[in-house]
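Throughout, read-outs are computed from the coordinates displayed, never taken from laboratory work. Bear in mind that the values here come from a model prediction, so they are computed numbers and not experimental data. Note that we place each Cβ from the backbone using ideal geometry, even for glycine, and neighbour counts take in every protein chain shown.
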């Protein structure tokens, strides 16, 4: 109800007062002139309804056509999903066809079952036996006896549990895939009859495998971007650390004691009973802290001139072989991924 000062007595208006006073007003009172409400600027009104929808509809007028939205543009495929190497391109094609077998390359192999990855192996990667024996779960003799029969023998003997065995198989698969997926060039061979002795209980898709390997490579580059220690035998520098590392003390001492300049990262991993990736990650972290450096290659004396065989002239001139590129260079890596994507078309 309005305040009393806004109401005017009906007697003061005279006998021409309007009839039909609204309900709720006291008899003998009529509303006085109410000042208009202040208008709010349009920008301050938070309303999801547009102005044309608020306009009154005129009877008989044609409805206003609504603006048509343009069709959405097709989503571009992410460049990171494109195969970066010839091995990745071949593996992706085999997985799309639902193939079963093993794809061999010069530096590693990947096993497929109905298009899913069940195992991967490489000469540099750790195996299930290396991880279980190095961790002290089984003896070397028990591993040699069960290697031919696979996981059933280990589980039946009660030496390891299903979860521990699956972790070892997953670590060995990712170790092998780290080297296998990086193969660019060389002869690739697919054997549909080969079956691995140890296979993952939960297979991975090729996209999941490539994503896991890509995250591992990014982690290695964030610690120490140089790949020099991946293939060289590291040696301790004997200097004080220049930065703190996330490597625990016992692992750091064991790694510095085993790195004598003659063992590479795969040999150090097998000696310490760890995966190759975990050992390489510790090596890069210690190298970033200034505790490890690449060992110098042995200097061999030049052979006498008579012992150097003279190459015979070739019958057919062949094009020069493929050049070696530094894959750590981002521009070179981009060109290699573009070439692999074009070759995969």
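Quick notes
- Global form of segment 180-278, assessed from the alpha-carbon gyration tensor, a/c cut-off 1.5: prolate
- Straightening the chain between residue 228 and residue 208 buys 4.4 nm, computed as 0.36 nm per residue apart minus the Cα-Cα spacing.
- With contacts taken as Cα pairs under 8 Å at a separation of at least 6 residues, segment 81-223 carries a relative contact order of 36 percent.
- For segment 228-294, relative contact order (Cα pairs under 8 Å, six or more residues apart, normalised by length) works out to 54 percent.
- Gyration tensor (alpha-carbon) shape descriptor, segment 81-223, a/c threshold 1.5: prolate
- Under the simplified labelling scheme, the residue 341-residue 155 pair shows an inter-label distance of 4.2 nm, with each label point 7 Å from Cα along Cα→Cβ.
- FRET E, pair residue 217, residue 139, Förster distance 35 Å, beta-carbon r, rounded to 0.05: 0.50
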